Amino acid sequence: MENSGEQFDVIIIGAGIMGSSTAYETSKRGHKTLLLEQFDFLHHRGSSHGESRTLRATYSEDYYSCMVIESSHLWEEAESEIGNKVYFKTPQFTMGLSDDKSLRAVIASCRKNSIPHRVLDHRQVHEEFSGRIQLAENWVGVLSDLGGVIKPTKAVSMFQTLALKNGAVLRDNSEVFDIKKDDVRGGVFVCTRNGESFWGRKCVVTVGAWMKKLVKTVTGLVLPIQPLEICVCYWKIKQGHEEEFTIQGGFPTFASYGEPYIYGTPSMEFPGLIKILVHGGQQCEPDKRTWSPAPMILDSLRQWIQERFGDRVDSTGPVMTQSCLYSMTPDEDFVIDFLGGEFGKDVVVAGGFSGHGFKMAPVVGRVLADLVDNGEAKGLKLKQFRLGRFEEKGDGNVKEFEDQVTLADFPSPSD
């Protein structure tokens, strides 16, 4: 690789939210940083675009609650640096059957981690939200003050802008097709399809739904990270009720445990519309998508909206849909680890965020910068995120509650 180009302390592959937050962290620490993106910056083909993501600390797993708490502070720190607002606070409301294992684990985790919350029965929920949310008698709700909405595209742009301010180099339309170890100096060469090659002391791979493809090309290792195509649905709020479902009107971000798991955000990005979607979708290849919702998912949403929101939201069908990608692991836990093998600790991979990682991007960026700096993450155990867990047990981490993500079957074009 004698013709390799510019040299960097850290090369980050993938400029979605995780790569961009990592570039911000490494450049802030004084590392000469290169951030590469295969498509245009702020593109709509992955998992980091759109108008809203939920921030919540109500997790069944303790380690995520701790990460969200730290992230909530780091979002505000980054906002203060750039002068823009990407994190809009509102309570989080989580609901489900009173005996649902996942919901009971959420309550236990809130207690263990001292997350302020209230457990409400169906009557208390009706009173709390003035009838806007309706629960059956055998349902309960968990209301937490730590919640909110993150503006995703704006957040990615924020971290990229701050990274540039810190001296990072950003290049889009630069698809990486190979990473090679430098046996002479150490470090790695990163090769792009447009003929450029860069040398980096360390490399971080955050390519989202393309993680499985790139890692297999580079090492032959097949990571159990499966892309899912998700349909984001916006539903029309009936006339006269629009303000009731806004943050200003006191409406929360929300999640509903059960089959399927449903979640959403207050009316914000599109006045008069509310985002409600199923946490799941169809397995796909990231470059081959249907760009359309599955009928079974829409049926589930119609029924749920009618039962929860009654005549305040039109449940006939969504008035607008958007396509997004999840990168699923079998246990729905992240992958944050060194690639190992011939690369040792020179290459770090971070992926498999399984549809719930965006809110924790500031912490993930901080952790990846820690791993680049000294080989370990400060204040966070990464055992549950190890690559090797799938070799030890195919399904990864063992959990005592149900999977949350729904897999949908789309009809074939001939049906």
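The values are calculated or read from the model by the stated rules, or taken from the named source; none is laboratory data. The structure displayed is predicted, hence computed values, not measured ones. For neighbour counting, all protein chains shown are included, and Cβ atoms are generated from backbone atoms with ideal geometry for every residue, glycine included. Calculation scope for accessible area: heavy atoms of the full protein, side chains included, ligands and nucleic acids excluded. Shrake-Rupley method; radii C 1.70, N 1.55, O 1.52, S 1.80 Å.
Dipole size in debye (nearest 20) for region 270-402 around its Cα centre, Lys and Arg Cβ +1, Asp and Glu Cβ -1? Spell out each step's value before the answer.
Details: 16 positive and 20 negative charges, 82 e Å.
Using Cβ point charges on Lys, Arg, Asp and Glu, region 270-402 gives about 400 debye.
Ranked by the mean number of other Cβ atoms within 10 Å per residue, highest first, peptides 58-71, 188-201 order as 58-71, 188-201. For Lys399, a cut-off of 19 angstrom between C-alpha atoms picks up these lysines, skipping any fewer than 8 places away in its own chain: Lys101, Lys112, Lys381, Lys383. Per-residue ellipticity at 222 nm computed for the chain from its helices equals -8000 deg cm²/dmol, with DSSP H segments shorter than 4 residues left out and the rest contributing -39,500 (n - 2.57).
Note down the net charge around His73, summing +1 for each Lys or Arg and -1 for each Asp or Glu among other residues with Cβ under 12 Å from its Cβ. Display every interim value, and only then the final one.
On the way: positive: Arg366; negative: Glu70, Glu76, Glu77, Glu79.
Charge balance in the 12 Å sphere: -3.
The charge dipole of the chain, taken about the Cα centre with unit charges on the Cβ atoms of Lys, Arg (+1) and Asp, Glu (-1), comes to about 640 debye, rounded to the nearest 20.
For region 28-38, 3J(HN,Hα) computed residue by residue from phi via the Karplus equation (6.51, -1.76, 1.60; θ = phi - 60°) reads 5, 8, x, 7, 5, 10, 10, 10, 10, 10, 6 Hz, glycine and proline entered as x.
With each label modelled as a point 7 angstrom along the Cα→C-beta vector, the Thr217-Glu137 pair spans 6.0 nm.
Based on every Cα atom in region 145-276, Rg and the maximum pairwise Cα distance Dmax equal 21.4, 70 Å. Computed from the C-beta positions of Asn173 and Ser80, the FRET efficiency with R₀ = 41 Å rounds to 0.80.
Listed highest first by mean packing, meaning other Cβ atoms within 10 Å per residue, what order do 353-359, 129-135 come in? It would help to have the intermediate numbers written out before the result.
Numbers: 353-359: 23.4, 129-135: 17.7.
Descending packing order for the listed peptides: 353-359, 129-135.
Let a ≥ b ≥ c be the square roots of the eigenvalues of the Cα gyration tensor of region 350-403; is it rounded (a/c under 1.5), or, if not, prolate (a/b larger than b/c) or oblate? Judged from the Cα gyration tensor, region 350-403 comes out oblate (a/c at least 1.5, b/c at or above a/b). Length gained on full extension, Met320 to Glu269, computed as 0.36 nm times the residue gap minus the Cα-Cα distance: 17.1 nm.
Express the relative contact order of region 323-365 as a whole percentage, based on alpha carbon pairs under 8 Å and six or more residues apart in sequence.
On the way: 52 pairs, mean separation 18.1, N = 43.
Dividing the mean separation by the residue count of region 323-365 yields 42 percent.
Could you compute the FRET efficiency for Asn374 and Asp99, with r as their C-beta to C-beta distance and R0 at 56 Å, rounded to 0.05?
Values: r = 45 Å, r/R0 = 0.81.
FRET efficiency, Asn374 to Asp99: 0.80.
Spin-label pair Asp62-Arg185: with each label point 7 Å from Cα along the Cα-Cβ axis, the two points sit 4.5 nm from one another. Here the chain has 49 percent of its accessible surface on carbon and sulfur atoms, given a 1.4 Å probe and all protein chains in place. Bridging of Lys378 to aspartates and glutamates at a Cα separation below 19 Å is possible for Glu25, Asp62, Glu70, Glu77, Asp337, Asp346, Asp370, once same-chain residues fewer than 8 apart are set aside. Around the amide H of Ala15, modelled in the peptide plane, lie the amide H atoms of Gln38, all under 5 Å away and 5 or more residues distant in sequence or on another chain.
Suppose every Lys and Arg Cβ carries +1 and every Asp and Glu Cβ carries -1, with no other charges. What dipole size does region 7-121 come out with about its Cα centre, to the nearest 20 debye?
Details: 13 positive and 15 negative charges, 44 e Å.
Taking the Cα centre of region 7-121 as origin, the dipole is about 220 debye.
Using the beta-carbon distance between Asp395 and Gln239 and R0 = 60 Å, what value does 1/(1 + (r/R0)^6) give for FRET efficiency, to the nearest 0.05? That pair, Asp395 with Gln239, gives E of 0.80. Computed 3J(HN,Hα) for region 60-77, one whole-Hz value per residue from the Karplus formula 6.51 cos²θ - 1.76 cosθ + 1.60 where θ = phi - 60°, is 6, 9, 4, 5, 6, 4, 5, 5, 5, 4, 5, 4, 4, 6, 5, 4, 5, 4, glycine and proline marked x.
Please quote Rg/Rh for region 227-351 to two decimal places, taking the Kirkwood radius as Rh and restricting both calculations to Cα atoms. Don't skip to the end; give the middle numbers.
Working: Rg = 18.0 Å, Rh = 16.4 Å.
That ratio equals 1.10.
Placing unit charges on each Cβ (+1 for Lys and Arg, -1 for Asp and Glu) gives region 138-219 a dipole about its Cα centre, and among Gly186, Gly147, Leu164 the Cα reaching farthest toward its positive end belongs to Gly186. For Thr90, the residues whose amide H sits under 5 Å from its own are Gly147, Gly148, Val149, ignoring neighbours fewer than 5 places away on the same chain, with H placed 1.01 Å from N.
Eigenvalues of the alpha-carbon gyration tensor of region 15-151, scaled by 5 and square-rooted, set the equivalent ellipsoid semi-axes at 35, 16, 14 angstrom, largest first. Report note on the peptides 339-346, 137-144: ranked by the mean count of other C-beta atoms within 10 Å, highest first, their order is 137-144, 339-346.
Which semi-axis lengths, in whole Å and largest first, follow from the square roots of five times the eigenvalues of the Cα gyration tensor of the chain?
Numbers: eigenvalues 279, 93, 86 Å².
One finds semi-axes of 37, 22, 21 Å for the chain.
Seen against the Cα atoms of the chain and their longest principal axis, helix 361-374 is set at about 30 degrees.
Express the accessible area of the chain per residue in Å², computed with a 1.4 Å probe while the remaining protein chains stay in the model. Provide the component values of the computation, followed by the final result.
On the way: 17200 Å² over 415 residues.
Counting only protein heavy atoms, the per-residue value for the chain is 41 Å².
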